[in-house]
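Chemist: Mind looking over this structure? Questions follow.
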Amino acid sequence: MVAMQDVPLVFISHSSTDTWVAKQIAAHVRACGAEVFLDEADIAHGDDFEGRIVQAAKAATELIVLLTPWAMNRPYIWLEIGVFWGDQKRMVGVLHGMTAKAFTADEQTPVVLKRLSLVTLNDVETYFEQLRARVTQWKTDHA
């Protein structure tokens with residue numbers, strides 16, 4: 001993992017069922033010039049899992065949360081969102097296998113998630129374009 005001062009760090013939150021999709025998103029994030037935290041790549045066997053999650057979330061500049069039917073009941077998704085929400089950092093929800101309308105209409109979806117910037121997986125390139133611009137600005141600001 002590259003130090004936060006070198007480039008922005010994007011934390012990708014996902015369920016284990018969505019690991020392949022999360023890895024594809026991570027590759028695109030890296031192509032934008034940012035670094036990625038992805039639990040299965042960045043947490044070693046024997047590490048304090050929760051401690052590493054919180055540490056990485058605190059170091060990250062933004063969160064991509066992969067919102068799928070499988071992710072909605074995963075406790076670590078909620079932990080990760082809570083850390084970013086508490087630190088008032090950028091959070092972007094990527095919808096896959098559900099629509100924005102269904103997601104926001106679900107009464108069990110917390111208000112904090114309903115206020116997320118949402119993008120569908122099919123339209124995630126718009127997020128990558130915005131991230132590229134933020135990385136360029138970051139490099140200018142930290143030169």
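Chemist: Whenever you get a sec, line up Thr99, Thr120, Thr68 from highest to lowest accessible area (probe 1.4 Å, protein heavy atoms).
Modeler: Thr99, Thr120, Thr68
Chemist: So, with +1 on the Cβ of K and R and -1 on the Cβ of D and E, and no other charges, what is the size of the charge dipole of the chain about its Cα centre, to the nearest 20 debye?
Modeler: About 360 debye.
Chemist: Okay, next question. Using only protein heavy atoms and a 1.4 Å probe, report how much of His28 is accessible, in Å² to the nearest 10.
Modeler: Taking all protein chains as shown, His28 has close to 90 Å².
Chemist: Now for a separate question. Using a 1.4 angstrom probe on heavy atoms only, work out the carbon and sulfur share of the accessible area of the chain in %.
Modeler: Carbon and sulfur together cover 53 percent of it.
Chemist: Specify which residue in the list Phe11, Leu131, Ala26 is farthest towards the positive end of the charge dipole of the chain, using unit charges on the beta carbon of Lys, Arg (+1) and Asp, Glu (-1), about the Cα centre.
Modeler: Farthest towards the positive end: Leu131.
Chemist: Right, here's the next one. Taking R0 as 41 Å, what's the FRET efficiency between Thr136 and Lys114 from their Cβ-Cβ distance, rounded to 0.05?
Modeler: After rounding, the FRET efficiency stands at 0.85.
Chemist: Let me ask something else about it. For the stretch 48-143, rounded, prolate or oblate, judged on the Cα gyration tensor with a ≥ b ≥ c (square roots of eigenvalues), a/c < 1.5 rounded, else prolate if a/b > b/c?
Modeler: oblate
Chemist: Around Phe37, which amide H atoms from residues at least 5 apart in sequence, or from another chain, sit under 5 Å from its own amide H, with H modelled in the peptide plane?
Modeler: Val10, Phe11, Ile12
Chemist: Residue by residue through the stretch 75-89, which ³J(HN,Hα) values in whole Hz follow from phi under the Karplus form 6.51 cos²θ - 1.76 cosθ + 1.60 (θ = phi - 60°), with glycine and proline marked x?
Modeler: x, 5, 4, 5, 4, 5, 4, x, 5, 5, 5, x, 8, 6, 9
Chemist: What list of ³J(HN,Hα) values in whole Hz, one per residue of the stretch 100-108 in order, does the Karplus curve 6.51 cos²θ - 1.76 cosθ + 1.60 (θ = phi - 60°) give from phi, with Gly and Pro shown as x?
Modeler: Ordered by residue, 3J(HN,Hα) equals 4, 5, 5, 5, 6, 7, 5, 5, 8 Hz.
Chemist: Turning to a different aspect of this structure: Count neighbours as other Cβ atoms within 10 Å of each site's Cβ, and list the trypsin sites (Lys or Arg not before Pro) in the stretch 41-132 that are DSSP loop with at most 16 such neighbours.
Modeler: Within the stretch 41-132, the qualifying trypsin sites (Lys or Arg not before Pro) (loop, at most 16 other Cβ atoms within 10 Å) are Lys89, Arg115.
Chemist: So what J values fall out for the stretch 19-24 if you push phi through Karplus, 6.51 cos²θ - 1.76 cosθ + 1.60 with θ = phi - 60°, rounded to Hz, Gly and Pro as x?
Modeler: Values per residue, Gly and Pro as x: 4, 4, 5, 4, 5, 5 Hz.
The values are calculated or read from the model by the stated rules, or taken from the named source; none is laboratory data. Just so it is clear, the model here is predicted, and its values are computed rather than measured. Because the Cβ atoms are built from the backbone with ideal geometry, glycine has one as well, and the counts that use them run over all protein chains shown. For accessibility, only protein heavy atoms count, side chains too; no ligands or nucleic acids. Shrake-Rupley method; radii C 1.70, N 1.55, O 1.52, S 1.80 Å.
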